[in-house]
Amino acid sequence: MGAIHLVLAKQRGAEKVIVSERMPNRVALFRDRADRVIDTATEDLAKEVMDETEGKGVDVILPATPEIRVDDEMLKLLAPNGRLCVFSGPRKGEYEAPINVRSMHYRELTMVGAYGCSSYHNRKAVELIRSGKVDLSWIVTHRCDLREVQGAIEHTARRLGMKSVIVF
């Protein structure tokens, strides 16, 4: 989902797209597409975001994995008037973190949740893909036929790439 957010942000005219990732194979895929990739396995996310934005912070954060904790440390990465969309489903029990509401108030931050999609959203996604305005081909990193389905499952389970597709 993070890869799709990257593509859509670029397509919608984002001035700069910064991606954080810790898996080496995904870091490599994003490097060709994002304006900056922060490898969180080797780099400090907060320091790199602030360096990249000259201390201002980012305008939008879209966490696309439940492995990322949404907390006050994440809100500190936002610029004044920044927006955080809690897109990925938080893990139960990991999100009872205190948030500095005073900081949210004075920095005029916005935090919203996004859950699910509708048939309208699905239609719009298919229309966008069919239009040729976005290239999502790089997200499919493994293709196989039905006889090799176990390999596709392994590819995905071991997170060796992005998405696997079974070709019929």
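The values are calculated or read from the model by the stated rules, or taken from the named source; none is laboratory data. Worth saying up front: this structure is predicted, and the values here are computed from it rather than measured. Don't worry about glycine lacking a Cβ; one is built from the backbone with ideal geometry, like all the others, and counts go over all protein chains shown.
Would you mind finding the one in Pro98, Pro63, Pro80 that is more than 27 Å from Asp35 (Cα to Cα) and free of Cβ contacts under 8 Å to residues at least 60 places away in the same chain? Reasoning before the result, please.
Working: Pro63 fails: more than 27 Å from Asp35 (Cα to Cα); Pro80 fails: more than 27 Å from Asp35 (Cα to Cα).
Going through Pro98, Pro63, Pro80 in turn, the sole match is Pro98.
Within the range 15-27, is there a residue that is touching a His at 6+ places or on another chain (Cβ under 9 Å), closer than 21 Å to Lys163 by Cα, not in a strand (DSSP E or B) and not aromatic (Phe, Trp, Tyr)? Checking the range 15-27: not a single residue is touching a His at 6+ places or on another chain (Cβ under 9 Å), closer than 21 Å to Lys163 by Cα, not in a strand (DSSP E or B) and not aromatic (Phe, Trp, Tyr). The residues of the range 121-150 that are surrounded by 13 or more Cβ atoms within 10 Å (Cβ to Cβ) and in a helix (DSSP H, G or I), listed by number, are Ala125, Leu128, Trp138, Ile139, Glu148.
In the range 12-20, is there at least one residue being under 25 Å from Ala157 (Cβ atoms), within 16 Å of the chain's Cα centre (by Cα) and touching a residue at least 60 places away in the same chain (Cβ under 8 Å)? Don't jump to the end; show me each part of the working.
Here is the first cut: in the range 12-20, the ones under 25 Å from Ala157 (Cβ atoms) are 19-20.
With within 16 Å of the chain's Cα centre (by Cα) added as a condition, the list becomes 19-20.
Now restrict to residues that are touching a residue at least 60 places away in the same chain (Cβ under 8 Å): none.
No, the range 12-20 has no match at all.
Within the range 34-90, being β-branched (Val, Ile, Thr), within 17 Å of the chain's Cα centre (by Cα) and either outside the structural domain of Leu8 (by TED's automatic domain parsing) or part of a loop (DSSP other than H, G, I, E, B) (or both) holds for Thr40, Thr65, Ile68, Val70. Hey, could you check the range 42-66 for residues that are at pLDDT below 95 and more than 23 Å from Asn100 (Cβ to Cβ) and say which is surrounded by the fewest Cβ atoms within 10 Å (Cβ to Cβ)? Filtering first and then ranking leaves Thr65.
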